[in-house]
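The values are calculated or read from the model by the stated rules, or taken from the named source; none is laboratory data. Note that the coordinates shown come from a computational prediction; the quantities given were computed from them, not determined experimentally. Cβ sites come from the backbone with ideal geometry, for glycine too, and all protein chains shown count toward neighbours.
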Ligand SMILES: Nc1ncnc2c1ncn2[C@@H]1O[C@H](COP(=O)(O)OP(=O)(O)OP(=O)(O)O)[C@@H](O)[C@H]1O
Ligand SMILES: [Mg+2]
């Protein structure tokens with residue numbers, strides 16, 4: 001273990017966690033100290049395998065996890081210069097996610113726990129996305145000081161959740177998407193525009209410098225509710241592409257992508273800021289794959305009066321360090337799980 005120069009002040013007992021994550025199409029393992037300091041964070045992405053299908057192919061994902069999981073865990077320990085015996089606990093993503101993918105990480109973590117005698121902690125993947133905001137690499141990334149109560153937005157491939165967080169591990173789920181998740185909308189619209197999977201980074205890239213008011217795509221404000229909806233927006237983009245194709249004009253892809261991106265960003269930013277104000281939040285936190293979006297990050301920083309925490313880019317999308325961060329919070333408070341723990345593919349944050 002590399003000596004930590006930048007020690008974290010914590011009220012909880014110190015602990016080193018080996019974390020394993022395999023909820024979707026990233027096979028990942030990490031070593032995290034005290035829920036905040038990243039000693040290693042190895043991610044083997046399967047994105048190129050799934051690109052030919054335009055989305056994640058569940059069976060391909062679980063088989064690829066099986067091929068890579070142990071070497072990824074091994075790399076995480078080696079990069080942190082530790083062995084299993086230096087760890088205090090093993091954290092593993094229990095759900096939500098693809099059942100066949102979750103089972104691979106769960107079984108690998110159980111095997112290591114049995115072999116080493118270390119306690120096992122199952123963690124919620126959405127909660128883990130939130131806890132990515134507490135992580136940093138000593139000497140590389142700045143340490144964020146997050147203040148409660150806080151308004152948190154999780155925007156990922158499968159979820160869009162507005163969560164009021166009163167304290168560590170205390171959540172009040174305010175709203176969710178009624179149809180597509182924000183990341184799912186990016187992926188589907190990218191496919192409509194013939195852009196590569198994953199759609200979010202492709203849309204961001206082609207939108208750079210393009211007019212984002214070229215198309216007035218609808219914003220579903222759903223006044224009086226903290227829920228979201230993106231299917232109407234997706235249909236509006238589809239209709240526009242059909243209209244343009246029927247008139248045999250070339251698709252203005254950059255302008256369509258930029259206008260779509262702005263419509264998503266507008267709703268996410270405005271509703272989160274409004275909720276933060278109404279619930280008297282001290283800070284705002286944005287996490288999940290879509291929080292890597294440059295425009296979303298910019299708009300949050302310029303429109304919010306409150307401090308907005310958004311994780312470093314490599315911590316926005318799936319990784320195991322974030323599972324280690326929340327695993328620490330639970331383990332240090334005395335929680336752990338038995339060997340008959342099962343995966344929970346549909347585990348809402350509201351049940352935590
Ligand atoms: N720069 C970006 N702009 C917009 N979207 C992005 C960007 N980078 C990644 N995404 C989107 O983030 C999603 C992947 O995020 P993440 O890894 O958190 O999702 P997931 O783990 O598949 O879903 P969940 O966390 O809900 O289970 C994809 O839909 C992808 O298109
Ligand atoms: Mg995720």
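General remarks:
- Filtering segment 198-213 for residues that are assigned by TED's automatic domain parsing to the domain that holds residue 286, within 25 Å of residue 24 (Cα to Cα) and more than 13 Å from ligand 1 (Cβ to nearest atom) leaves an empty set.
- Test: residue in segment 270-290 that is more than 15 Å from the chain's Cα centre (by Cα) and within 12 Å of ligand 1 (Cβ to nearest atom): no
- In segment 231-243, the condition of being more than 16 Å from ligand 2 (Cβ to nearest atom), out of contact with any strand residue (DSSP E or B) (no Cβ under 6 Å at 6 or more places or on another chain) and in a loop (DSSP other than H, G, I, E, B) is met by no residue.
- Selection status of residue 293, in the same structural domain as residue 280 (by TED's automatic domain parsing) and within 16 Å of ligand 1 (Cβ to nearest atom): yes
- Within segment 18-126, helices (runs of 4 or more DSSP H) holding 2 or more residues that are assigned by TED's automatic domain parsing to the domain that holds residue 343 and at pLDDT 95 or above: 58-79, 99-116
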